[in-house]
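Step one of this worksheet: look at the structure below.
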Amino acid sequence: MSILSKIFKKKVVLPPADLSVLKTDMHSHLIPGIDDGAQTIEDSLELLRAMQDLGFKKVITTPHIMSDHYKNTREIILKGLDDVRNAIAKDDELNIEIDAAAEYYLDENFIKKIKEKDLLTFGDNYVLFELAFMIEPPNIVDATFEMQLAGYKPVLAHAERYAYWYNNYEKYQDFVDKEILLQLNINSLVGYYSPITKKIADRMVDDGLFSFIGSDCHRIDHIAAMRDSLTEEHLHKILNSGKLLNHTL
Ligand SMILES: [Fe+2]
């Protein structure tokens, strides 16, 4: 390669990745009116159509459960799931399966629910949970240990988005060693959240740290960003890694 061609090295343009190999998306907000995702049943159907077009056969939607903002319960989520299933059945274009779990925010209510063994799970007893974005919660290890004692398998939502670990990268391997599974948002790979989030996400993909990948779809602009992410090198890399468990769901 000449010096000039090295300097002006073009980014290789990859063909769009095929998300259908994942079969299942396991992180989204598609039940209308119960969190900051879909607000109406029409929103839900529009997002489901787009997920189907992207190649997904199934979505496990995960409404927020957060004491301060989204006081969702098992009953509220399962009733909403029923409504969405009924709307899908009436829609000729839709042929996508939907199930529901939750995205639990690590707070006192979550700890209580772990102890009561009253969590919404998906797949092999997986529990999706998220953390505060600004300050690292002090009780992550205790909470995940409690989950494991209760027979749950903790899955940390969008592990690449917590900026307080950007200078403490070893933390991710510690979690993996403690059998805390890590989930990547597809849109992190296209720089949707921030350039630094993309950088960390790419590095974590290189290091094989993720077990799940998810859309975290709330709105139609998340779908547009996912379409843009299809040509990202690290999306191809993680889909080909053989490490993802999405297809088992
Ligand atoms: Fe989410």
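The values are calculated or read from the model by the stated rules, or taken from the named source; none is laboratory data. In this text the structure is predicted, and so the values were computed from the model without any measurement. Note: ideal-geometry Cβ built from the backbone for every residue, glycine included; neighbour counts use all protein chains shown.
Considering 120, 128, which residue is at pLDDT 95 or above, touching a Lys or Arg at 6+ places or on another chain (Cβ under 9 Å) and within 16 Å of the ligand (Cβ to nearest atom)?
It is 120.
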For residues in the range 58-75 being under 20 Å from residue 111 (Cβ atoms) and among the hydrophobic types (A, V, I, L, M, F, W, C), which is modelled with the lowest pLDDT?
66
Among the candidates 59, 84, single out the residue that is under 20 Å from residue 244 (Cα atoms) and surrounded by 12 or more Cβ atoms within 10 Å (Cβ to Cβ).
59
Does any residue of the range 123-130 turn out to be within 30 Å of residue 171 (Cβ to Cβ) and surrounded by fewer than 17 Cβ atoms within 10 Å (Cβ to Cβ)?
yes
In this structure, is residue 227 at pLDDT 95 or above and touching a His at 6+ places or on another chain (Cβ under 9 Å)?
no
Strands (runs of 3 or more DSSP E) fully within the range 1-111 counting 2 or more residues that are within 15 Å of the ligand (Cβ to nearest atom)
58-61, 103-105
Hand me the list of helices (runs of 4 or more DSSP H) wholly inside the range 146-249 holding 1 or more residues that are without any contact (Cβ under 8 Å) to a residue 12 or more places away in the chain and either over 25 Å from residue 46 (Cα atoms) or within 16 Å of the ligand (Cβ to nearest atom) (or both).
170-177, 195-206, 220-229
Positions within the range 54-94 being touching a helix residue (DSSP H, G or I) at 6+ places or on another chain (Cβ under 8 Å) and over 25 Å from residue 133 (Cβ atoms), in sequence order
54, 55, 56, 57, 83, 84, 87, 88, 91, 93, 94
